[in-house]
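The values are calculated or read from the model by the stated rules, or taken from the named source; none is laboratory data. Please read all numbers here as calculations on a predicted model, not as lab measurements. Using ideal geometry, Cβ is built from the backbone for each residue, glycine included, and neighbour counts are taken over all protein chains shown.
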């Protein structure tokens, strides 16, 4: 993707850290970026539109896309498959726009291999206790599963050196401002602009 | 200054680009950073206070400070000397705060040698014509001086690769937002945070 002039922003972090809420809040407040639309094998819910919330595909179609290396990253959750299609990302980058991917840490690793020039942002909880409280607050999982998730989060914090920025998600509006600031700043980066000049028409 | 935890931000660019106006606007809107106080040999004007607008020194005192290498950068304008004293900058950095220097391109070069870990921001005019208009709008200089300044500005634009960020000063509020975003983003930078961790107490 050296020919593109857009910017790929990856927001990642441990489960329960609030990265989804953060990204949704940013989109609600700011029109400066595009959201990545995922491919999924799960059935559309009422009101969901092909190409808007998701690209809906059969498992066979999804596996064919994996074979053809058409995903930036993909994963399986609860029996359904989800993936970030390259064609969507590349289309937006070619339009010189900024695209945001909100994905888990394994997904971010896959993306980094293919787009090392992307902007990688790691969201951390203000504390271990805060993360524990959030996971318990969901009320959906037994205590032993929560403990496993917490142990995993601690392990995942070690990935921080693979990232360019870290945002502590203590107060949502402050965190949204930081996320927005990082994107604006990167758009002003001389390194990125010289890439642009070099690649110019 | 490897022991400090603060951040030095340098705003520079050609004469007439509006970097002073930009920095003043940021200070008026945001309390997230400290301003550098310069040493000068010019006489205090009514209302100016020692240590607030400037540190006022005699030429002899100033030259002694140069000899003792007590300036980050210094220059002469219209028969008066102006310099950025290291003690002020280091004091603020030791307090873990962000300090902003608004200086010319030669000054920025001097600072970069001593603080390569600083954040260097270059302000550019939206166009050659816009810069010419601004310089003429001052109404203080004859046309041949303005032409010299414009030629110098074109030359100075070649220094851009020494900088981390570039801001086009077309609309003041947009430019202020970009400047603020760069500072917030740098405070989230993993590179900077790992410096912090390494240098911890």
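Pull up the range A:175-185, narrow it to residues that are more than 7 Å from every other protein chain (Cβ to nearest Cβ) and in contact with a strand residue (DSSP E or B) (Cβ under 8 Å, 6 or more places away or on another chain), then point me to the one that is surrounded by the most Cβ atoms within 10 Å (Cβ to Cβ). Restricting to residues being more than 7 Å from every other protein chain (Cβ to nearest Cβ) and in contact with a strand residue (DSSP E or B) (Cβ under 8 Å, 6 or more places away or on another chain), the top hit is A:179.
Among the residues in the range B:99-107, are any under 24 Å from residue B:171 (Cβ atoms) and within 14 Å of another protein chain (Cβ to nearest Cβ)? Scanning the range B:99-107 turns up no residue that is under 24 Å from residue B:171 (Cβ atoms) and within 14 Å of another protein chain (Cβ to nearest Cβ). Residue under question is residue A:22, and the condition is that it be within 29 Å of residue A:133 (Cα to Cα), out of contact with any strand residue (DSSP E or B) (no Cβ under 7 Å at 6 or more places or on another chain), in contact (Cβ under 8 Å) with a residue 60 or more places away in the chain and in a helix (DSSP H, G or I); does it hold? It is false that residue A:22 is within 29 Å of residue A:133 (Cα to Cα), out of contact with any strand residue (DSSP E or B) (no Cβ under 7 Å at 6 or more places or on another chain), in contact (Cβ under 8 Å) with a residue 60 or more places away in the chain and in a helix (DSSP H, G or I). Residues considered: B:76, B:60, B:34, B:53. Of these, the only one that is modelled with pLDDT of 95 or more and either in contact with a strand residue (DSSP E or B) (Cβ under 6 Å, 6 or more places away or on another chain) or at negative phi (or both) is B:60. Scanning the range B:31-56 for residues being over 18 Å from residue B:110 (Cβ atoms), in a loop (DSSP other than H, G, I, E, B) and in contact (Cβ under 8 Å) with a residue 60 or more places away in the chain gives a total of 2.
Kindly establish whether residue A:145 is part of a helix (DSSP H, G or I) and in contact (Cβ under 8 Å) with a residue 40 or more places away in the chain. So residue A:145 does not fit the description; no.
The number of residues in the range B:116-142 that are surrounded by fewer than 18 Cβ atoms within 10 Å (Cβ to Cβ), closer than 19 Å to residue B:186 by Cβ and either within 14 Å of another protein chain (Cβ to nearest Cβ) or in contact (Cβ under 8 Å) with a residue 24 or more places away in the chain (or both) comes to 1. Only one entry in B:112, B:158, B:193 is touching a helix residue (DSSP H, G or I) at 6+ places or on another chain (Cβ under 9 Å), part of a helix (DSSP H, G or I), free of Cβ contacts under 8 Å to residues at least 24 places away in the same chain and within 14 Å of another protein chain (Cβ to nearest Cβ), namely B:193.
Within the range A:52-79, the set of residues being within 23 Å of residue A:10 (Cα to Cα) and in contact with a helix residue (DSSP H, G or I) (Cβ under 9 Å, 6 or more places away or on another chain) comprises A:55, A:69, A:70, A:71, A:72, A:73, A:74, A:75. Quick one: is residue A:99 more than 23 Å from residue A:30 (Cβ to Cβ) and touching a helix residue (DSSP H, G or I) at 6+ places or on another chain (Cβ under 8 Å)? Judged against the criteria, residue A:99 is not a match. Taking the conditions exactly as written (touching a helix residue (DSSP H, G or I) at 6+ places or on another chain (Cβ under 8 Å) and within 30 Å of residue A:122 (Cβ to Cβ)), does residue B:124 satisfy them or not? The answer is no for residue B:124. Out of everything in the range B:161-174 that is in contact with a helix residue (DSSP H, G or I) (Cβ under 9 Å, 6 or more places away or on another chain), farther than 19 Å from residue B:109 by Cα and within 12 Å of another protein chain (Cβ to nearest Cβ), what residue ends up being surrounded by the fewest Cβ atoms within 10 Å (Cβ to Cβ)? Filtering the range B:161-174 for residues that are in contact with a helix residue (DSSP H, G or I) (Cβ under 9 Å, 6 or more places away or on another chain), farther than 19 Å from residue B:109 by Cα and within 12 Å of another protein chain (Cβ to nearest Cβ), the one surrounded by the fewest Cβ atoms within 10 Å (Cβ to Cβ) comes out as B:168. Considering only residues of the range B:57-76 that are assigned to a loop (DSSP other than H, G, I, E, B) and under 18 Å from residue B:111 (Cβ atoms), which is nearest to the chain's Cα centre (by Cα)? The qualifying residue nearest to the chain's Cα centre (by Cα) is B:70. Summed over the range A:64-73, residues that are at negative phi and out of contact with any strand residue (DSSP E or B) (no Cβ under 8 Å at 6 or more places or on another chain) total 3.
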